Every structure is written in structure tokens, then in C-alpha cells.
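Asks: Let me give you the structure first, and then I'll get to my questions.
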There are 2 protein chains.
Amino acid sequence: MARTSLSGFPEWLPEGRIIEQYVLDHIRQVFELHGFSGIETRAVETLEQLEAKGETSKEVYVLDRLQAMKDAEAGRHSSKERKMGLHFDLTVPFARYVIENANELDFPFKRYQIQKVWRGERPQEGRFREFTQADIDVVGNGDLPFHFEVDLPLVMAEALATLPIPTVHVLVNNRKVVQGVCESLGVTDVEAALRGLDKLDKIGPEGVTAELACSNINGEQAEKLLKMAQIRSNDPDEIRSRIAGLGCEGELLAEGLNQLCALLEEAHRRMPGAVIADLKIARGLDYYTGSVYESVIEGHEDLGSICSGGRYDSLAKDGKRTYPGVGLSIGVSRLVSRMISAPMVQATRKVPAAVVVAVIDETDRARSEDIAMQLRSRGISTDVAPSAAKFGKQIKFADKRGIPFVWFPGMEGEADTVKDIRSGEQIEADASTWTPSAQDLKPRVISVGA
Amino acid sequence: MARTSLSGFPEWLPEGRIIEQYVLDHIRQVFELHGFSGIETRAVETLEQLEAKGETSKEVYVLDRLQAMKDAEAGRHSSKERKMGLHFDLTVPFARYVIENANELDFPFKRYQIQKVWRGERPQEGRFREFTQADIDVVGNGDLPFHFEVDLPLVMAEALATLPIPTVHVLVNNRKVVQGVCESLGVTDVEAALRGLDKLDKIGPEGVTAELACSNINGEQAEKLLKMAQIRSNDPDEIRSRIAGLGCEGELLAEGLNQLCALLEEAHRRMPGAVIADLKIARGLDYYTGSVYESVIEGHEDLGSICSGGRYDSLAKDGKRTYPGVGLSIGVSRLVSRMISAPMVQATRKVPAAVVVAVIDETDRARSEDIAMQLRSRGISTDVAPSAAKFGKQIKFADKRGIPFVWFPGMEGEADTVKDIRSGEQIEADASTWTPSAQDLKPRVISVGA
């Protein structure tokens, strides 16, 4: 990470940015392969929009024009403007965008959105005040078939499985299963049950039982809820039989189980091992209405979920229509931060250039520029030495940056040569034909051991 | 443009975003070909940083945490935090980044930076409150050779010349020429001269003369300044002789003229016609110290400059060192907004998908998914029909989005077929080998006449 004077606002050195850019390009490519359209929304929303969901006020950064503030302090009347704040996720802005442009969009509308978001939270490891999210959502006009609840987590599983990082597991649950179990057990305060179960990893079963008791969930109910929460499997039959073992039943539960099992079966068919049902996932279940997703990197569970989401029956709503949606969001900054710090990966060099053209003498710079122009015209990123220093210094310029090749314009009618400064091999070369290996053409991001 | 409820904050519909993304990708590719490293800086800076340059206070959006505001209103003491604002350009943050990371960076450091910036100005056509800039800068540690003042505008000229837009002229001037002429004429208030000349297009020569008179620049001086300001040429000899015709001389003027002419000559050699000297360019000369650049699109001069910049002898400074720099910034949002509204270009379709795989029956969806998976594995963006509607409706799904191909899974052991819905031609096809033409593989951005 680069040195920075504000905590919670990460910045990368150029080599770190190569890794982040690689991740962003990769994710985007997978999203586009699956037919998602890219959009961007403005960074700001009105405060009403941001607060509509409730419970988020402490996170929002509110904007004020400096001049307006100064006018107000000086007692001058400033023009009344609507209060705006920076978006804290990409879902609220997307819902607003869908409503505003409903007549122009084609539904079901599949979009991806890769942007920064801001939260005024206290910074801590893996939590930033400014960070990049990469979201996919599909939103329907009126209805949205269940199969999208299968498709979308698999797009994310593919995007994550093809990065040079350890195995990622997408964990799924279904609100209808949990709510169905609660109903069957006679637990009426589902939200309290969810809040309690969400703390299972932190405070253990006894802690959860105590917590649930405060919400009038008795010991027998708590025991069964805990049994449910301990179900983690990618085997539909096992899940069905363990739920049956709780003695629970009901229409909603049956519907939820059918969805959860259908998701597991189809996921297993398309990407064996990628998706696992984990019935203790409760975070998000209080606002999602069907499937819910989290994702963890094997061996990096401490990082928490790097990709989460779920199904909303009402992502957005205007006077006439309701727009159901399903979507997931990758926490790109959290992921990249760990990829760099672990380290899981490294960049093969710090700059895009594959070649530095040496400059023999400042009066001869034009010749070096012409060589660079020829190489660039064939897609080879090329730099020209900043000064006609001694060749040793020009080679050092390349070496410091990890640039593999130095090009020497031929002197007195001799042919040009190009030197691979790693091996020391120097060969005659023609700028209109010479090409570095695909390996060396661009900086690559490679895995570094365990 | 998408419909949006906040003026000055542009958003694009998916087809507009395809155009913007194309421009961003293209610009980045050119920057990387020339060896510039990508970085991003955080969106926020401390207020001291933002105000250090002075004169910008009315533009800055200041941030406050909503919770802190509520605490303050309720009389609760909130923790003291440093005041932060959104950056209004990418130069101030870059200068701060260079200082903070000077020990980690390799100088001369060539970086590009493509990010949103914010200005709380009153929105008007072509001026936004949130917009994207694409900057390149090179910054030296202690010194920075003049040749970068030639190289950088040519990188921008190349980036702009290879976009599907009318010819772009990069206009150049040099602070030393203008200051040298002022000195030779005995004009001491150079800033006043610059401010006056900057209004030439708006208020005409008489207006400028009157304005200059207020700053004690007499009629004879004003006449010569106006003669200088009317020099527009890419012929170094003509420029030299017209300056000589003013009867001006001096060391600074000679140095400035040599730089300006060297820039024109080398630019002409590398990219004939791209760069023109225009000595009325005054905006920016008050903070730049050498070359200064603006760029206009032929036939769209009303849009103003879409790419500006110049040379700073002191881009940044810390206790020990001074970092000179030269850089330019493309106003991407301004450019893209005109490309779309003129229109100069259009996207060949609204979505990335080249193919929609039809679904014969919901029970058979898995087969369509498998076909899509095969196509995607070979880099072909593919969508699957959202529902097993009548084929006519599935074709309409593709047609509305501009997707050229619909794939029909073969029924009862028959081969699959793929239909080009533009020509109606339908052929047998195998998902493991069929490939659309390069023309159809991805949405392209094409020029749309004058």
C-alpha cells in the first residue's frame, strides 16, 4: 500500500495498482461474457434516497459546498440546495437509476457496476472509508424468474475462481427456509432470531441461546434454531433430512427448501464444489426475501465475506410497478488489499513498458523516438530514456522498473540491437518486426506460493 | 443521457456507457503504450490541501459525517476530525501522492490517472459538477528535461486523433514568450496582461485594450500585445519573424521562442498538423511556467478546450526537494457528452452479448445454459433467454437489445442452429466451434457522418 495521510482511504503504489487493475479488468470481462451491461451512477444521492432504507445514517458522508458554508457562517443567505451525500453502496443508486430510466431500459435488465463507495465508519483492517465494489444485478419489471438466483452467484463464482487466489466458496442460504423453520417452531420474532444466529461464530451456542431468550425464544426453540444453523452441506438430501429431523414443516419452508436444493443441484452441475449451503448465514436475510449469498476465501476466513448479496422481491418501486431483483457485490478493495498484503500475487513489473529505447546523444533523441513510435504502432509499450546518460545508467533505469528490454539504436550505420537485461543476451533487431514474447509484452499478475 | 434528478451529475444509459467505456479504454491503451503507469488517488483531500492553491474555495464539496452533524445539532460533542473535501482536479492529489511516496517512486515518474472529480459550480452545458478526467503527467526529482514538454502533448494528440471524432488541434503557447514580450514592452503586470488577453474572443481587441488600460498598460503596449496574441501558426519561421516585427527582444523571450519552435518542429516531424502555436492562449499561463496546451475539436470550438495542461517548475515541493512536472488532462465527460449529443458516434448495440441462446422449455434450461457456457469459454459474450416464451418473443428479446444472433438448441436429436436476426439467415452450428465475425463479437463504437 502507498503511504497515505488519511486512514481508511487506501491508495496503491503503481505495482499495487497493476494488481487492482488486473482484478477489475478480469471481473469486468467475466461480467460482460455473461451479458451484463456496464453502467455508472453518480457518486452522490439525495439524503432522502440514502436514508430511505433507515439505519444507515452514521455511515453517510454529507456534502456541502464550501462557499455555501462560508456564506452561512458570514450570515449571508445561501441558495437552498437539496442535501446530498456520497453513496454507501451501489444498490440504492441502481434502484433509483432503474426508476428514473424505466422507460428506456429493457427488462429483465442485467447490469454490472464497478465504482467507489464511501462509508464514514471507523476504519479497521479490511474495512475502508472509501472502497471499490463490483456489483451485478438483474432486475425484472413486475416479476423475475427464480433461475436468476442460480445464475448470478455462479457468475461471481466464475469471476473469483479464475483469479490467482485460493479457492473461494460461495455460501448460500434462503430466507424462506429460516422463516419457515421459525414459523414451524412458533418463533414470531424472526428478525430477533436472525440477529441472534448471526452472532454464532462470535459468542457460541450458549451465547446465542441467552441472546434469543431475551427475545422470548425459549430453550427448545433455540436448540432447534441452532441445529438448523449448523447445517453446512452441498448435498440436498442431507439438508432435507436434517431439516426434517427438526420436525419442522410448512408451505414456506417447503418452497424455500426446494429453491435452496435446486440452486445447489444446478450449481453442482455447472461448477462442482463452488457453492455450499450454510444455514447460519443470517446477515442480509432481514432485507432479502429469497436466496442470500456470502463468499469466503479458503484460509482467509478472517477477512469475512468478499462477495455478498441476495434476492429482493422489491429492489425498487414506483407508483405503478415493482421491480424484483437479485444481485451480488464483490468487495474489490478488501480482496485486493489482502491479495497484496498476504501476498497472494505479485506483478511481473512496475510499469507497462516492455522496452526502453536508449538515447545515444540528446541531438539524436529523434531517432530513439522514431524507434519507439514503430514499436508502439505494433502494440508494444515503449519508453524512451529520459536523458542521454551513460548506457549503464539507462540500463539501470529499465532495471529499477522491471522493464525487460533495452533497445540500442545502431551507431554509424550498424543495425539496432535489443538487450534482454535479465539474461544479458543482446541481439540485432528491427523495430518494424521485433516482438517480445507474450509473457513479456505486458506486466502480468502471478500467484506467489501458498 | 439518462434521465437524472440532479443537474450537473451526468449519467448514461447503457448504450451511452458503451461509448464512454470505449473512450476510457482507448485513452488508457494509448497512455500505457507510451509507458505511463496507472494510479488512483482517494477522492478526498484535506481542506488545507485543496485550498493551498487559493481561489478555489467556491468549487469544493466539503464532507461531513451525517452522524457527526446530528451529534453536533443535538449538542453532543463529536470527535474532532480533519475537514475533508472532494478533489476538484487530479493534479492536487497527484502532487500530494508524489510527496507522500517519493521514496517508493522511480523518477522521472510517468503516471496516468483516470478518475472522477467534483466541482460545486453552477451546472451549464458542457460543465458538470461531477465529471471524469484523464490525466498524464511526468514528474522529475529536482529537474525535468524540456523534451517532455514535446512528448506529452503528442501522447494526447495521438489519443485524440485515433478516436472517431473530427480533427483535434492541440494549441500551444509558452509562458516565457508572453512574459518575455511583456518585459521587453515594459509591461510589469504580466498577470493583468494575461487576464486581458484571455478575453480577446469574448470582448474583442477594443475591449481588451480598454481592460488593459485599467492596469496601466498603455495603448502602444496593448497594440503590440494584441499583435502577439493574434499569432497562430505552425511555422516556426513565421512566428519568429512576427515576434521580431513587434521589436521585442530579451533572454527570456529568446528562450521561450526556442522552446516553442522546437516543440513545433518536433511535433511536425512526428505528427504533422497536430500541433499549432496560438499565442492568445493565456488561461493557465498564470500558474504554468513553460509550455501550455489547449485542444479544440474542429467544428466544435464552442465546446472549449477538451484537453489542457502545461509545465510547472514546481508541481510539488517538500522540505528538501522540488518536483517539476508537465502534464495534460482530457475532460472525458465533456468530450463524451458531445460525442453522444452531436452525435459523432453510436454503439452497434446496447449490450455486450453477441448471442442469445433460446430456451425451448423451462425443464430444458440446463441445455441452453450449457451451450452458453461453451460459447463463453471461447470469449463469446452470451445471454440465455430469461423465459421459455414463444420463439418470436425470444427473438424480440435479442432484437430490442441489438443482439445479432439467436441460438436454437436442436430438438429431438437435431443439430443446433444459429440465426442472424438481421439477415434472417439460419444455419446449423456447433457451440464448440461456431464463432461470430470480429465485427459482431463485441459492441463497437462507430462514427456517424458529419
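The values are calculated or read from the model by the stated rules, or taken from the named source; none is laboratory data. Treat the numbers as computed from the prediction; the structure is a model and nothing was measured. Positions of Cβ are backbone-derived with ideal geometry, glycine not excepted, and every protein chain shown enters the neighbour counts. We work out accessible area using only protein heavy atoms, side chains counted, and drop any ligands, DNA or RNA first. Shrake-Rupley method; radii C 1.70, N 1.55, O 1.52, S 1.80 Å.
Asks: Over its Cα atoms, what ratio of radius of gyration to 2.2 N^0.38 Å does region B:353-445 give? Intermediate values should be presented prior to the final figure.
Replies: On the way: Rg = 12.0 Å, N = 93, 2.2 N^0.38 = 12.3 Å.
This ratio for region B:353-445 stands at 0.98.
Asks: In the neighborhood of A:Gln426, defined by Cβ-to-Cβ distances under 13 Å, what is the net charge if each Lys or Arg adds +1 and each Asp or Glu adds -1?
Replies: Numbers: positive: A:Lys419, A:Arg422; negative: A:Glu414, A:Asp416, A:Asp420, A:Glu425, A:Glu428.
With Lys, Arg at +1 and Asp, Glu at -1, the neighbours total -3.
Asks: What distance in nm separates the two pseudo spin-label positions at B:Thr363 and B:Lys227, each 7 Å out from Cα along the beta-carbon direction?
Replies: It works out to 9.3 nm between the two label points.
Asks: Have a look at region B:279-328 and give its Rg and Dmax from the Cα atoms, expressed in angstrom.
Replies: Calculated on Cα positions, Rg and Dmax stand at 13.6, 48 Å.
Asks: A further question follows. Would you look at the GNM of chain B, springs on alpha carbons closer than 10 Å, and say which of B:Glu255, B:Glu428, B:Glu412 moves the most?
Replies: B:Glu412
Asks: Under the √(5λ) rule applied to the eigenvalues of the Cα gyration tensor, what semi-axes describe the equivalent ellipsoid of chain B? Give them in Å, descending.
Replies: Values: eigenvalues 517, 159, 87 Å².
Output for chain B: semi-axes of 51, 28, 21 Å.
Asks: Starting from a label point 7 Å past Cα on the Cβ side, list the distances from B:Met1 to the same position in the other copies, nm, shortest first.
Replies: Result for B:Met1, in nm, nearest copy first: 3.8.
Asks: Another question, then. Filter the trypsin sites (Lys or Arg not before Pro) in region B:321-417 to those in DSSP coil with at most 16 other Cβ atoms within 10 Å of their Cβ, and list the result. Don't skip to the end; give the middle numbers.
Replies: On the way: sites: B:Arg321, B:Arg334, B:Arg338, B:Arg349, B:Lys350, B:Arg365, B:Arg367, B:Arg376, B:Arg378, B:Lys390, B:Lys393, B:Lys396, B:Lys400, B:Arg401; in loops: B:Arg321, B:Arg349, B:Lys350, B:Arg378, B:Lys390.
Those that pass, being in a loop and sparsely packed, are B:Arg321, B:Arg378, B:Lys390.
Asks: In region A:8-99, which GluC sites (Glu not before Pro) are in a loop and have at most 10 other Cβ atoms within 10 Å, using DSSP for the loop call? Each step should come with its number before you reach the end.
Replies: Values: sites: A:Glu11, A:Glu15, A:Glu20, A:Glu32, A:Glu40, A:Glu45, A:Glu48, A:Glu51, A:Glu55, A:Glu59, A:Glu73, A:Glu81; in loops: A:Glu11, A:Glu40, A:Glu55, A:Glu81.
Sparse-neighbourhood loop GluC sites (Glu not before Pro): A:Glu55.
Asks: Still on this structure: In nm², what is the average projected area of the convex hull enclosing the Cα atoms of region A:283-430? The partial results should precede the final answer.
Replies: Numbers: hull surface 62.4 nm².
The orientation-averaged projected area of the Cα hull of region A:283-430 comes to 15.6 nm².
Asks: Can I ask one more? DSSP beta bridges in the protein assembly as shown, what fraction antiparallel, as a percent rounded to 5? Walk me through the numbers on the way to the answer.
Replies: On the way: 109 of 131 bridges.
Counting DSSP beta bridges with both partners in the protein assembly as shown, the antiparallel share is about 85 percent.
Asks: About its Cα centre, how strong a charge dipole does the protein assembly as shown have in debye, to the nearest 20, once Lys and Arg get +1 and Asp and Glu get -1 at the Cβ? List each step's numbers first, then the result.
Replies: Details: 110 positive and 136 negative charges, 245 e Å.
About 1180 debye.
Asks: In the protein assembly as shown, how does Rg compare with the Kirkwood Rh, expressed as the Rg/Rh ratio over alpha carbon atoms? Walk me through the intermediate numbers first.
Replies: Numbers: Rg = 30.5 Å, Rh = 30.4 Å.
Rg/Rh: 1.00.
Asks: Determine the dipole magnitude for region B:69-182: charges of +1 sit on the beta-carbon of Lys and Arg, -1 on that of Asp and Glu, nothing else is charged, the reference point is the Cα centre, and the result goes in debye to the nearest 20. Walk me through the numbers on the way to the answer.
Replies: Working: 15 positive and 16 negative charges, 118 e Å.
Dipole of region B:69-182, to the nearest 20 debye: 560 debye.
Asks: Distance from a point 7 Å along Cα→Cβ of A:Leu24 to each backbone N in region B:28-52: keep the residues under 20 Å and list them by number.
Replies: B:28-45, by backbone N distance to the label point.
Asks: Hey, rough spin-label estimate for A:Thr348 and B:Asp370, points 7 angstrom out along Cα→Cβ, what's it come to in nanometres?
Replies: For A:Thr348 paired with B:Asp370, the spin-label model returns 3.7 nm.
Asks: Contact order normalised by length for region B:353-445, with contacts defined as Cα pairs under 8 Å and 6 or more residues apart; what percent is it?
Replies: Values: 145 pairs, mean separation 28.3, N = 93.
Relative CO of region B:353-445 lands at 30 percent.
Asks: Carbon and sulfur: what percent of chain B's accessible surface (1.4 Å probe)? Mind showing how you got there, number by number?
Replies: Values: 8890 of 18450 Å².
Roughly 48 percent of what the probe reaches on chain B is carbon or sulfur.
Asks: In Å², nearest 100, what accessible area do chains B and A bury in total when the solvent probe is 1.4 Å?
Replies: Working: alone 22400 and 22390 Å², together 36870 Å².
For chain B against chain A, roughly 7900 Å² becomes buried.
Asks: Which one of B:Ala52, B:His268, A:Phe31 is farthest out on the positive end of the charge dipole of the protein assembly as shown, using unit charges on Cβ (Lys, Arg +1; Asp, Glu -1) and the Cα centre as origin?
Replies: Result: B:Ala52.
Asks: Something else about it: Which value, in Å², gives the accessible area per residue of region A:318-450 when a 1.4 Å probe is used on the protein heavy atoms?
Replies: Details: 5930 Å² over 133 residues.
Per residue, region A:318-450 has an accessible area of 45 Å².
Asks: Shifting gears a bit: What nm distance separates the two modelled labels at B:Thr435 and A:Ser387, each placed 7 Å from Cα along Cα→Cβ?
Replies: Between B:Thr435 and A:Ser387, the label points sit 4.9 nm apart.
Asks: Given C-alpha coordinates of region A:1-131, what is the ratio Rg to Rh with the Kirkwood estimate of Rh? Show your work: numbers first, answer last.
Replies: Details: Rg = 18.1 Å, Rh = 17.5 Å.
Rg/Rh for region A:1-131 comes to 1.03.
Asks: Along region B:279-294, what does the Karplus equation 6.51 cos²θ - 1.76 cosθ + 1.60 (θ = phi - 60°) give for ³J(HN,Hα), rounded to whole Hz, x for Gly and Pro?
Replies: With the stated coefficients, region B:279-294 comes to 7, 8, 5, 10, 4, x, 5, 6, 10, 7, 10, x, 5, 9, 10, 9 Hz.
Asks: Using amide H atoms built in the peptide plane, which far-off residues or other-chain residues are under 5 Å from B:Thr417 H to H?
Replies: The list, which skips near neighbours in sequence, is B:Phe408, B:Gly410, B:Ala429.
Asks: Please give the per residue accessible area of region A:209-257, computed with a probe of 1.4 Å over protein heavy atoms only, in Å².
Replies: Working: 2680 Å² over 49 residues.
Per-residue accessible area for region A:209-257 comes out at 55 Å².
Asks: Provide a list, ordered by number, of residues in region A:329-365 showing at least 20 Å² less accessible area with every protein chain present than when their chain is taken on its own, using a 1.4 Å probe.
Replies: Correct list: A:Lys350, A:Pro352, A:Arg365.
Asks: How far, in nm to one decimal, is B:Asn258 from itself in the other copies if the label point is set 7 angstrom along Cα toward Cβ? Shortest first, please.
Replies: 8.6
Asks: Which percent, to the nearest 5, of DSSP beta bridges fully inside region A:353-445 are antiparallel? Don't skip to the answer; put the middle values down first.
Replies: Values: 7 of 13 bridges.
About 55 percent, rounded to the nearest 5.
Asks: For region B:320-368, just say rounded, prolate or oblate: build the C-alpha gyration tensor, square-root its eigenvalues into a ≥ b ≥ c, call rounded for a/c under 1.5, and beyond that prolate if a/b exceeds b/c, oblate if not.
Replies: Details: a/c = 7.01, a/b = 2.29, b/c = 3.06.
Verdict is oblate for region B:320-368.
Asks: So if each residue of separation counts as 0.36 nm, and I subtract the Cα-Cα distance between B:Glu238 and B:Arg444, what length gain in nm does that give?
Replies: Details: separation 206, 0.36 × 206 = 74.16 nm, distance 4.31 nm.
Extra length from B:Glu238 to B:Arg444 when fully extended: 69.8 nm.
Asks: Further question: Using unit Cβ charges (K, R positive; D, E negative) and no other charged atoms, how large, in debye to the nearest 20, is the dipole of region B:353-445 about its Cα centre? Let's see the in-between values first.
Replies: On the way: 13 positive and 15 negative charges, 126 e Å.
Dipole about the Cα centre, nearest 20: 600 debye.
Asks: Now for a different question. Distances from A:Lys70 to the same residue in each other copy, label points 7 Å out along Cα→Cβ, in nm, shortest first?
Replies: The answer, with the shortest distance listed first, is 3.1 nm.
Asks: Let me ask something else. Averaged per residue, what accessible surface does region B:2-43 expose to a 1.4 Å probe, in Å²?
Replies: Values: 1130 Å² over 42 residues.
Ligands and nucleic acids excluded, the result is 27 Å² per residue.
Asks: Straight-line reach from B:Lys317: which aspartates and glutamates have a Cα under 19 Å away, not including same-chain ones fewer than 8 places off?
Replies: B:Glu45, B:Glu48, B:Glu51, B:Asp89, B:Glu100, B:Glu104, B:Asp106, B:Asp137, B:Asp143, B:Asp286
Asks: Moving on. Between region A:156-180 and region B:97-111, what is the C-alpha centre distance in whole Å?
Replies: 40
Asks: Still on this model: Can you list the residues of region A:1-25 whose accessible area drops by at least 50 Å² going from the chain on its own to the full set of protein chains, with a 1.4 Å probe?
Replies: Output list: A:Arg3, A:Ser5, A:Leu6, A:Glu11, A:Leu13, A:Pro14, A:Arg17.
Asks: Set the Förster distance to 45 Å, then compute FRET efficiency between A:Ala72 and B:Ser314 from the Cβ-Cβ distance, nearest 0.05.
Replies: Working: r = 35 Å, r/R0 = 0.78.
So the FRET efficiency works out to roughly 0.80.
Asks: Which of A:Phe397, A:Thr433, A:Ile371 sits closest to the plus end of the dipole of region A:353-445, meaning its Cα is farthest towards the positive end, when Lys and Arg get +1 and Asp and Glu get -1 on the C-beta?
Replies: The listed residue farthest towards the positive side: A:Phe397.
Asks: Also, I was wondering about something else. Say we join alpha carbon atoms closer than 10 Å with springs in a Gaussian network model of chain B; which of B:Ile427, B:Ile297, B:Ile340 then has the biggest fluctuation?
Replies: In the Gaussian network model the winner is B:Ile427.
Asks: Right, next: Which whole-number percent is the relative contact order of chain B (Cα, under 8 Å, 6+ apart)? Intermediate results must be reported in sequence, preceding the final value.
Replies: Values: 792 pairs, mean separation 72.1, N = 450.
It rounds to 16 percent for chain B.
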